[in-house]
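Here is the structure we will look at.
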Amino acid sequence: MKNIKWALALLGFLLLSGSARAVQVQKGKPSLGNLSGELRGTRTNDDAGAGIIGQYISSATVAASVATSGQFGNAGQLSLTAGDWDVDAVCELAANGATVTQAQMAISVNTGNTTTDHVSGDNQISLIIPIATNGAAGAISNYRKSLSGTTTVFVKAKATYTVATPTRACRISARRVR
């Protein structure tokens, strides 16, 4: 009830004053600011808090073995709460003595060797391998996930190889956009 009274009083002030002003909420405290069509960013190196637009989460794995040849395996994961997120992933594949003929990466809500939600060119890409004994790298950016509850999102890597087992290093990150 207290918040409703406060909001009505503020609305009355805005209407009576006739000024083009907007209500801004910073760290739970409402304040008045100019309505210039711009959103004010941070003025230091702090992070947006949990549940706040701009919240950033990331996880990285370094030099881990790729899953069985020809199968997707988890290469990293994040637990994201309800909301709209832009998810990004970066993977680097090192041949590590292997002969690699195909490599792919994906962002998925399904764990392990499944391609149920993979869409080529959207949340799954093939990595270009110019020479079978060289490595490859790729990135998927701004893959939108609109979540109604807490969900684990995975970056997955796949390589088809012989002779030895390649390694991969991956990062998955997400920024809350809504």
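The values are calculated or read from the model by the stated rules, or taken from the named source; none is laboratory data. Keep in mind it's a predicted model, so treat the numbers as computed, not measured. When we count neighbours, we look across all protein chains shown, and the Cβ atoms used for this are built from the backbone with ideal geometry, even at glycine.
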The stretch 65-80, subset among the hydroxyl-bearing types (Ser, Thr, Tyr) and part of a strand (DSSP E or B), residue farthest from the chain's Cα centre (by Cα): Ser65
Filter result (loosely packed, with under 13 Cβ neighbours inside 10 Å and under 21 Å from Ala136 (Cβ atoms)) within the stretch 45-63: Val62, Ala63
Residue ID - nearest to the chain's Cα centre (by Cα), chosen from residues in the stretch 95-112 that are within 13 Å of Asn134 (Cβ to Cβ) and crowded, with 17+ Cβ neighbours inside 10 Å: Ala103
Filtering strands (runs of 3 or more DSSP E) wholly in the stretch 81-154 for at least 3 residues that are among the hydrophobic types (A, V, I, L, M, F, W, C) and free of Cβ contacts under 8 Å to residues at least 60 places away in the same chain gives 136-147
So for the stretch 102-112 (the condition being touching a Lys or Arg at 6+ places or on another chain (Cβ under 9 Å), more than 14 Å from Phe154 (Cβ to Cβ), of a type in the set (Val, Ile, Thr) and assigned by TED's automatic domain parsing to the domain that holds Lys156), does at least one residue qualify? no
Look at Val62 and say whether it is farther than 15 Å from Arg171 by Cβ, at pLDDT below 95 and assigned to a strand (DSSP E or B). no
Mind listing just one residue for me: the one in the stretch 72-91 that is more than 20 Å from His118 (Cβ to Cβ) and not aliphatic (A, V, I, L, M) and, of those, surrounded by the fewest Cβ atoms within 10 Å (Cβ to Cβ)? Ser79
Report whether or not Thr111 is polar (S, T, N, Q) and closer than 29 Å to Gly49 by Cβ. yes
